[in-house]
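**Student:** Below is a structure I'd like to ask you about.
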Amino acid sequence: MKKTVAVLGILSLALIGGNAIYGTEKDPVVTVSYLNEKLAQLKNTGGAGMASTGSEMKLVELKAGDRIIAAAGSELILRSGEATAIATDLGGLSDLTKGKDIKHARQVERDHLLVIPRSDGRGLLAKTSALVLVRGSYSVK
């Protein structure tokens, strides 16, 4: 009995799938080459509003006075130079290395992993020229 039900289920799916219409004007078929082209374009975009993809971290050079503002979930690591935290009334930057919240205008330590909890204008202000590793969406102002 169970085998008969299983066979009927498989045949039903085969018949339904055989009548499917692929690629209409409203729902076109997307090819692998098209997806690869679009992914390559995303990887090669540059400038403000940049996003590093996947597990890749991007090295961003800042001049004194530059601000790097990151989106929620983005990660920052100050590699060289001096920078202070840009925080909001809702909180600061999550320093995962020390396990603490960095308040506004506080000095950021080098080589500490910082996470931006919300997309509300949080980031770093470079006091000197600085190098920052970034994973996620950000803009430099």
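The values are calculated or read from the model by the stated rules, or taken from the named source; none is laboratory data. Remember, it's a predicted structure, so these values are computed and weren't measured experimentally. Positions of Cβ are backbone-derived with ideal geometry, glycine not excepted, and every protein chain shown enters the neighbour counts. What goes into the accessible areas is simple: the full protein's heavy atoms, side chains included, and nothing from ligands, DNA or RNA. Shrake-Rupley method; radii C 1.70, N 1.55, O 1.52, S 1.80 Å.
Rundown of residues vs (1) more than 25 Å from Leu39 (Cα to Cα); (2) of a type in the set (A, V, I, L, M); (3) under 16 Å from the mean Cα position of the chain (by Cα), yes/no style:
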site	(1), (2), (3)
Ala72	no, yes, yes
Thr88	yes, no, no
Gly91	yes, no, no
Gly123	yes, no, yes
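**Student:** I'm told Glu56 meets every condition in (1) touching a residue at least 60 places away in the same chain (Cβ under 8 Å); (2) part of a strand (DSSP E or B); (3) charged (D, E, K, R) except one. Can you identify the failing condition by its number?
**Tutor:** So Glu56 meets the others, but not (2).
**Student:** Being surrounded by 15 or more Cβ atoms within 10 Å (Cβ to Cβ), under 16 Å from Ala64 (Cβ atoms), among the polar types (S, T, N, Q) and in contact (Cβ under 8 Å) with a residue 40 or more places away in the chain is the requirement here; does Thr128 meet it?
**Tutor:** When the stated conditions are applied, Thr128 does not pass them.
**Student:** A follow-up question, please. So, in the stretch 58-75, of the ones that are in contact with a Lys or Arg (Cβ under 7 Å, 6 or more places away or on another chain) and exposed (fewer than 15 other Cβ atoms within 10 Å of the Cβ), which residue ends up farthest from Gly92 (Cα to Cα)?
**Tutor:** By that ranking, first place goes to Ala64.
**Student:** Now for a different question. Consider Arg110 carefully, then state whether it is open to solvent by 60 Å² or more (accessible area, probe 1.4 Å), under 19 Å from Gly81 (Cβ atoms) and either touching a strand residue (DSSP E or B) at 6+ places or on another chain (Cβ under 9 Å) or of a type in the set (Gly, Ala, Ser) (or both). Don't jump to the end; show me each part of the working.
**Tutor:** Numbers: open to solvent by 60 Å² or more (accessible area, probe 1.4 Å): yes; under 19 Å from Gly81 (Cβ atoms): yes; either touching a strand residue (DSSP E or B) at 6+ places or on another chain (Cβ under 9 Å) or of a type in the set (Gly, Ala, Ser) (or both): yes.
Here the answer is yes, as Arg110 does meet what is asked.
**Student:** If you don't mind, another one. Scan the stretch 117-137 residue by residue and report those that are under 19 Å from Glu82 (Cβ atoms) and not small (Gly, Ala, Ser). Quick ask: steps written out before the conclusion?
**Tutor:** Our first condition is that a residue be under 19 Å from Glu82 (Cβ atoms); within the stretch 117-137, this holds for 122-134.
Within the stretch 117-137, Arg122, Leu124, Leu125, Lys127, Thr128, Leu131, Val132, Leu133, Val134 qualify.
**Student:** State which residue pairs qualify: first residue assigned to a loop (DSSP other than H, G, I, E, B) and inside the stretch 109-121, second residue surrounded by fewer than 16 Cβ atoms within 10 Å (Cβ to Cβ) and of a type in the set (Val, Ile, Thr) in any location, beta carbons under 8 Å apart, and separation of 6 or more residues or different chains.
**Tutor:** These pairs meet every condition: Glu109/Thr97; Asp111/Thr97; His112/Thr97; Arg118/Thr88; Asp120/Thr88; Gly121/Thr88.
**Student:** Given (1) under 20 Å from Ala126 (Cβ atoms); (2) over 18 Å from the mean Cα position of the chain (by Cα), identify the lone condition not met by Asp101.
**Tutor:** The failed condition is (1).
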